[in-house]
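Single-structure report; data block below.
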Amino acid sequence: MKPVSIKLSPKAERWFLEEIAYVAEHSPSAAAKITEKMRDLQKRLADFPDLGVRGAISGTRRVVMKPYVLTTRFKDKVLEIAAIRHSRQGDAYAPTELADEMDLDHEGNGDISDPRAKI
């Protein structure tokens, strides 16, 4: 199987860069380790795009990179890391850009007009 392309959504990239900057203020070596873990995970995802478990929203997957949880999905034939959160944050809410692109119904299948809808 040919490796797939990986990208971060603008929101996920912004979150990750802010997180790395915060961590680097306290421990530059920890920030470097997190960055390396992300690079390694992106390489694994390129080879194994179905890594992780199915997300609550159809078409998404949840991948753990301790202490972070990533939400992935295919968008335009590219595997996109749509959202990243710290595991202490609990379940992440569905990313707005993801919800806008998906037809989600009101039958408990991810209606994110309700701010409590979680992925």
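These residues, GLU13, GLU25, go from largest to smallest accessible area, 1.4 Å probe, as GLU25, GLU13. Taking amide H positions as modeled 1.01 Å from N, with prolines and chain starts lacking one, the residues under 5 Å from LYS75 and 5 or more places away or on another chain are GLU80.
A straight Cα-to-Cα reach below 21 Å connects LYS66 with the lysines LYS7, LYS11, LYS33, LYS37, LYS43, LYS118, residues fewer than 8 places away in its own chain not being considered.
The values are calculated or read from the model by the stated rules, or taken from the named source; none is laboratory data. Worth saying up front: this structure is predicted, and the values here are computed from it rather than measured. For the accessible areas, the whole protein counts, side chains as well, though only heavy atoms, and no ligand, DNA or RNA atoms are used. Shrake-Rupley method; radii C 1.70, N 1.55, O 1.52, S 1.80 Å.
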